[in-house]
Amino acid sequence: MKEETVQQILSRYAHRRSALLPLLHLCQEEAGYVTPEAIGQLGERLGLSPTQVAEVATFYDMFRLKPGGRREIWVCHNLSCSLLGAEEVVRRLEERLGVKAGETTPDGAFTLRRFECLAACEIAPVIQVGPDYYGPVRPEDIDALLERLRNG
Amino acid sequence: MSEKVLTKRFEISGYRGTIEEYLATGGYQAIPRALKEYSPESLIDLVRRSGLRGRGGAGFPTGVKWGFVPKDPTLTKYLVCNADESEPGTFKDRDLITRDPHQLLEGIILASYAIGCRTAYIYLRGEFVAGAVIMEQAIQDAAAHGFLGNNILGSGFNLKVHLHRGAGAYICGEETALLESLEGKRGLPRLKPPFPASAGLYRLPTVVNNVETLCNLPHIVLRGAEWFSSIGSPKSTGNRIFSVSGHVRRPGNYELPMDVPMRELIFQHAGGMRGDRRLKAVIPGGSSVPVLTEQHLDTRMDFESLAKAGSMAGSGGVMVMDDSTCMVRAGEIVARFYHHESCGQCTQCREGTAWLHKTLRRIEAGRGRKVDMDLLMDICDNMKGKTICPLSDAAAMPIESYLKYFGDEFEQHIVERACPFGSGGGS
Ligand SMILES: Cc1cc2nc3c(=O)[nH]c(=O)nc-3n(C[C@H](O)[C@H](O)[C@H](O)COP(=O)(O)O)c2cc1C
Ligand code: SF4
Ligand code: FES
């Protein structure tokens, strides 16, 4: 974490604790997950105990407290996506990656995760990887998609 | 054809929502107009007269909400834009943020001026990774052009806008959970009262408004309250963006007068049912609202008409299901969602959502028992009306409605010990 960035984030709020989520995002972007060291450092910075920081970090689905894949594949399994075949998409992904949803591939390339409505139901069933949305995804599209993600 | 207002610029070919494009198409003209012609007080009155109601779910009149903010100039006030968009079936705010971010910023500036706010936050859903980049850029560009910062357009009005990213928790869309989250805490809803307008962010007066609500403001300032209130019905004025998904030919966002009939929305704008199958069920306002059926197709989509039909306008997320859909499975998915998202503070909600999910999963898997239908009704009954926030109701009411309209289907699962649609659920 660059001190300048931290200062800039802190300056946005009248109370420093508000910087916790932005700083957790920052830590995760840098290390791939929220490390125990980061939890300690953030606590010191914001006047919180490590337990308080961890309690917040675990509340939110996007923060990882353990290392995971280099990229996370989010598959929506909420209603509109399920109506159009999300479960088949999940099954095909699990089969091709050789892991269950929630797990990371042995080569560390991907973590596969089920997600709730990704607010992109117009292209259901939807997969999101970082900033990119893919959909409507059919099971037969999965091989090409994984290929693209591996190379991209 | 009704006129598009909020999504008008989406139709310009190649429009990417940069500040140059926004300015070249009449953007940011409401700011000088408001600063010159309106006092904060009269701007609140304008919005009140327009009849604008919140598009985030509850439909509260925006001008009235603003009027609750204390006028004491020594008090710090906050505006928080609710861009958490996480109600299943809703995807309009994402479009408004990524395709025309300056329209939202202009709305935020106007609302801030009206309530006397000097620092505003956009609480953006964490999963909107692309949206965050676009919004950050838009904030910088607006500041570089003098629409944000000190002494905006020489008026003496100062405003800073900051983007604050959430991190994946549906409950943070609820306004008091959102404020907790913005304070760096877990998103646990607060007991109301006090309402945010008197004690919100850092216990200071705060207005929380949805993205789409705010996007309406520049148009109301430029075209007047009478123009706005002439669209829609007397109590549900203006246009609304309906997010239509599920078994329709053309899923997507459709901006239409609030009182568009459901039939027109689904069969004309969204292209009707895929493969010409029969329509079975419609969730008209996001997964938190009761389901409607074919018999309700002539219902209009405004707040009053949907309430009269036994549902709610909610977030404008319209999920359409054809006759291949298993309603027990649909219920299982909806219940799973609320079970996952309940913050756990209230026993009825924490236990109720878990029981609903478990019972529906059992029925769907062909292991339902005769008593399970009564059990479901009991659970729902116990979940309603006694909790800190409305999530518990939002989980119970849809399930009750599925039982009401599709009770036979639930029974069939139990009697035949299998899902007649062959899905079986399970996840
Ligand atoms: C469980 C729950 C989730 C909600 N999620 C959202 C949301 O994602 N976006 C939103 O604008 N409002 C959401 N709301 C409504 C907000 O609490 C609040 O009423 C709204 O942001 C006010 O803005 P408005 O008056 O402009 O609609 C949610 C409410 C509840 C109870
Ligand atoms: S109703 Fe549910 S989500 Fe809302 S505060 Fe209570 S436990 Fe939390
Ligand atoms: S239900 Fe999958 S994106 Fe909305």
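The values are calculated or read from the model by the stated rules, or taken from the named source; none is laboratory data. As the structure is a computational prediction, the values presented were derived from the model and not from experiment. Note that each Cβ is placed from the backbone with ideal geometry, even for glycine, and that neighbours are counted across all protein chains shown. The accessibility values were calculated without ligands, DNA or RNA, using every heavy atom of the protein model including side chains. Shrake-Rupley method; radii C 1.70, N 1.55, O 1.52, S 1.80 Å.
Shielding by partners for peptide B:184-192, expressed as the average number of C-beta atoms from other protein chains within 10 Å of each residue's C-beta, is 4.
Roughly how many Å is it from the Cα centre of segment B:104-138 to that of segment B:238-262, as a whole number? Taking the Cα centre of each part, segment B:104-138 and segment B:238-262 sit 25 Å apart.
Using +1 at the Cβ of each Lys and Arg and -1 at the Cβ of each Asp and Glu in chain A, identify which of A:Leu84, A:Gln52, A:Pro22 lies farthest towards the dipole's positive end. Toward the positive end, the furthest listed residue is A:Gln52.
Roughly what % antiparallel, to the nearest 5, for the DSSP beta bridges in the protein assembly as shown?
The answer is about 45 percent antiparallel.
Among rounded, prolate and oblate, which fits segment B:1-62 when a ≥ b ≥ c are the square roots of the eigenvalues of its C-alpha gyration tensor, a/c under 1.5 means rounded, and a/b larger than b/c means prolate? Oblate, because a/c is 1.5 or more while a/b does not exceed b/c.
Note on chain A: Cα Rg divided by 2.2 N^0.38 Å, N the number of residues, gives 1.19. Considering only alpha-carbon pairs that sit under 8 angstrom and 6 or more positions apart, the relative contact order computed for segment B:327-417 is 38 percent.
Close amide H partners of A:Phe110, meaning residues 5 or more places away or on another chain with modelled amide H under 5 Å apart, are A:Arg70, A:Arg71, A:Thr105.
Max-minus-min Cα coordinates of chain B on each principal axis give 74, 45, 37 Å, with the largest extent listed first. Counting Cα-Cα pairs of segment B:315-427 in 10 Å increments starting at 0 gives whole-percent bin shares of 15, 49, 30, 6. A straight Cα-to-Cα reach below 17 Å connects B:Lys192 with the lysines B:Lys65, B:Lys384, B:Lys386, residues fewer than 8 places away in its own chain not being considered. Relative contact order of chain B: 16 percent, from C-alpha pairs under 8 Å at least 6 residues apart in sequence.
Of the solvent-accessible surface of segment A:3-59, computed with a 1.4 Å probe and all protein chains present, 48% belongs to carbon and sulfur. To the nearest ten degrees, helix B:391-416 and the longest principal axis of the Cα atoms of chain B are 30 degrees apart. Tell me whether segment A:3-59 comes out rounded, prolate or oblate; compute the Cα gyration tensor, take square roots of the eigenvalues as a ≥ b ≥ c, and use a/c under 1.5 as the rounded threshold. Since a/c reaches 1.5 but b/c is at least a/b, the shape of segment A:3-59 is classed as oblate. Computed from Cα atoms alone, the Kirkwood hydrodynamic radius reported for the protein assembly as shown is 24.4 Å. Once the 1.4 Å probe is applied to the protein heavy atoms, the protein assembly as shown comes out at 39 Å² accessible per residue. Shape verdict for segment B:3-229, please, from the Cα gyration tensor: rounded (a/c under 1.5), prolate (a/b greater than b/c) or oblate. The shape class here is rounded. Calculate how steeply helix B:372-383 sits against the longest principal axis of the alpha-carbon atoms of chain B, using the helix alpha-carbon long axis, and give the answer as 0 to 90 degrees to the nearest 10. The answer is roughly 30 degrees.
Principal semi-axes of the equivalent ellipsoid, √(5λ) from the alpha carbon gyration tensor of segment B:239-322, are 17, 14, 11 Å from largest down.
Per-residue Karplus couplings for segment B:11-16, computed as 6.51 cos²θ - 1.76 cosθ + 1.60 with θ equal to phi - 60°, are listed in order as 8, 6, 5, x, 5, 10 Hz, Gly and Pro entered as x. Under the criterion of Cα pairs below 8 Å and six or more residues apart, the relative contact order for segment A:71-151 equals 37 percent.
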